Amino acid sequence: MELFIRQLINGLNTGSIYALVAIGYTMVYGIIKLINFAHGEIMMFGAYFAFLLAFTLSFNLPFLLVIVLSMSFAAILGVLIERVAYKKLRQAPRISALITAIGMSLFLQHLAQLIFGSTPYVMKPLIDTTPVVLFNFAIPKLTLLTIGLSILFMLLLSFFVLKTKPGKAMRAVSQDKEAAILMGINVDNVISMTFAIGSALGALGGIFYAMTYSQIYPTMGVLPGLKAFIAAVFGGIGSIGGAMLGGYLIGIIETMTKAYISSKWVDVIVFGLLIVILLFKPSGILGKNTKEKV
Amino acid sequence: MLKVTNLHVHYGVIHAIKGVNFEVNEGDIVTLIGSNGAGKTTILKAISQLIDKSDGDITFLDKSLSQYKPHEVVRIGVSHVPEGRHVFPGLTVLENLEMGAYYRNDKVAIKQDLQKVFVRFPRLEERKHQVAGTLSGGEQQMLAIGRALMNHPKILLLDEPSMGLAPILVKEIFNIIQEINQSGTTILLVEQNANQALQISDKAYVLETGQITLSGLSKELLNNDKVKAAYLSA
Ligand SMILES: Nc1ncnc2c1ncn2[C@@H]1O[C@H](COP(=O)(O)OP(=O)(O)OP(=O)(O)O)[C@@H](O)[C@H]1O
Ligand SMILES: [Mg+2]
């Protein structure tokens, strides 16, 4: 039982990261029907930004400021990617945009390699790591912070999307672009905003991921990016709640597999799951079963 | 108020609108009738800047509309209710109406306009927390019109508001259009239901394969033999 609870907490930790990253996939898909394969690289750059801000400046930035600044830089990067590479392809066949996204992903990996080199940077945790005792369990502060901050940001996002005017405009654009234009909504700005938010949350996931595994390197976004994408599909691509749910489920499935089966099986099971979902419920857990409008 | 001069629109090689001229005077209901594929929707989209014209000019209150981006047209008082309603299916009725007032910041006036819409369409108030995708076709049409009114438009462009509605609802919608006009909104009404459209409008233009073939006062066209034969037979 104790092992189980410990693994559950680990699962929530990994799941928080996948959920944060999955939100970016699902939001971008919701608004322009594109799987942004460069999203894992935004996650990676977010981690590098945090590293640079935390360890290369001559003065010490508070932890929260490091996080917020890294998220902001990642947001700018995400908006730039959309404006430069994807915007012109909005009317193009899906496959062209998809290939561009894959190209962008590889471009960013190699750009990071040019700038930072391929030797991993060691990412020290940005907060002290003494465990906190909670219900008789010693839980690392980092784990608590990862779970807590992730949930906080997801609540903020939900409030934004459901209750604020720009959030409603975002949903309007994702449901009917032409009608949104007729309402006076600047669709280009709403799409940029979507990339900004998705990228900022992806960067936060990247920072937590780097702190959890203590390493940063140019291809670090590939595997968690793919798994977060699976989480988004699992939850129902296009659904923000689905991405959160899918992220936590994949995180928990992964840690439980590691603990009770074998760590060798983790990727087999997670990727196998993707195939099973695509075969039996392509719309995901919370996805709408309606046929896609083109 | 709205003036279309020598309008040409192409879709690739297809010449959809071939030199159309017409005018809508302030306070009028003007109708554009024509059968499937005549180019009615294309003309409304060109006015709203949703598609580019290849030649000609469209002015509203003496200002050329081509200087505006598509999302800016609504700000100068042009509201377009598109063919097929296009309500936001996943937003509630209330949220849809809020989107109609998207660019406005005058909270008090928006509230008043919302009340006016609810007075005109009591069904919408009853269902204000319902998701728009689950409304009936008639209710969706009312929502689409109500949403456009939330912009407080000077002119309302309506693309086949009677499409797919039961006869009794068609009558209701046309009554509502008349009421909206009587409360001061100019209307450009695109219709295939020529009979009803001619009965409530002041002026009419008949569009055939991208060209205007007939125009005049609506009550005259109602008695025109060619119109009777082609559009009022049913
Ligand atoms: N996106 C498009 N691409 C190519 N051709 C188009 C496009 N939209 C419309 N057309 C063509 O332009 C012509 C006019 O179409 P339009 O939709 O304006 O007709 P309409 O009068 O509104 O017809 P309906 O009563 O069926 O709505 C038609 O021949 C149509 O096939
Ligand atoms: Mg049409």
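Every read-out reported here was derived from the displayed coordinates using simple, explicitly stated rules and does not represent laboratory data. All of these numbers come straight from a predicted model, not from anything done at the bench. All Cβ positions, even for glycine, are placed from backbone atoms using ideal geometry, and neighbour counts span all protein chains on display.
Results, tabulated for the structure shown:
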quantity: For the protein assembly as shown, with +1 on Lys and Arg beta carbons and -1 on Asp and Glu, the positive-most of A:Ile185, A:Met27, A:Gly167 along the dipole; calculated: A:Met27
quantity: B:Thr92-A:Ser118 FRET efficiency (beta carbon distance; Förster radius 60 Å; 0.05 resolution); calculated: 0.70
quantity: Signed unit charges on C-beta, dipole axis of the protein assembly as shown, positive-most listed residue A:Leu126, B:Gly133, A:Val276; calculated: A:Leu126
quantity: Using θ = phi - 60° and Karplus 6.51 cos²θ - 1.76 cosθ + 1.60, couplings along segment A:131-147 (whole Hz; Gly, Pro as x); calculated: x, 9, 8, 9, 6, 6, 10, 8, 10, x, 4, 4, 4, 4, 5, 4, 5
quantity: Mean-position separation - Cα centroids, segment B:8-77 and segment A:136-150, in angstrom; calculated: 60
quantity: Gain in span if fully extended, A:Val133 to A:Ser58, counting 0.36 nm per residue against the direct Cα distance; calculated: 23.6 nm
quantity: Principal-axis tilt of helix A:222-235 within chain A, Cα atoms, nearest 10 degrees; calculated: 60
quantity: All-pairs Cα distance distribution in segment A:19-221, expressed in whole percent, bin size 10 Å; calculated: 9, 33, 32, 19, 6, 1
quantity: Segment A:1-112: C-alpha gyration tensor shape, a/c 1.5 cut-off, then a/b vs b/c; calculated: oblate
quantity: Burial ordering of A:Tyr213, A:Tyr86, fewest other beta-carbon atoms within 10 Å first; calculated: A:Tyr213, A:Tyr86
quantity: Among B:Asp113, B:Asp159, B:Asp62: highest mean-square fluctuation, GNM of chain B, C-alpha pairs under 10 Å; calculated: B:Asp62
quantity: Distribution of pairwise C-alpha distances over segment A:17-75, 5 Å bins, in %; calculated: 4, 18, 24, 21, 14, 10, 6, 3, 1
quantity: Per residue, the convex hull volume that the Cα atoms of the protein assembly as shown enclose (Å³); calculated: 185
quantity: ³J(HN,Hα) computed for each position of segment A:178-188 - Karplus, 6.51 cos²θ - 1.76 cosθ + 1.60, integer Hz, glycine/proline x; calculated: 5, 5, 4, 4, 5, 7, x, 7, 7, 4, 4
quantity: Dipole moment magnitude, nearest 20 debye, segment A:19-221 about Cα centre, only Lys, Arg, Asp, Glu C-beta charged; calculated: 420
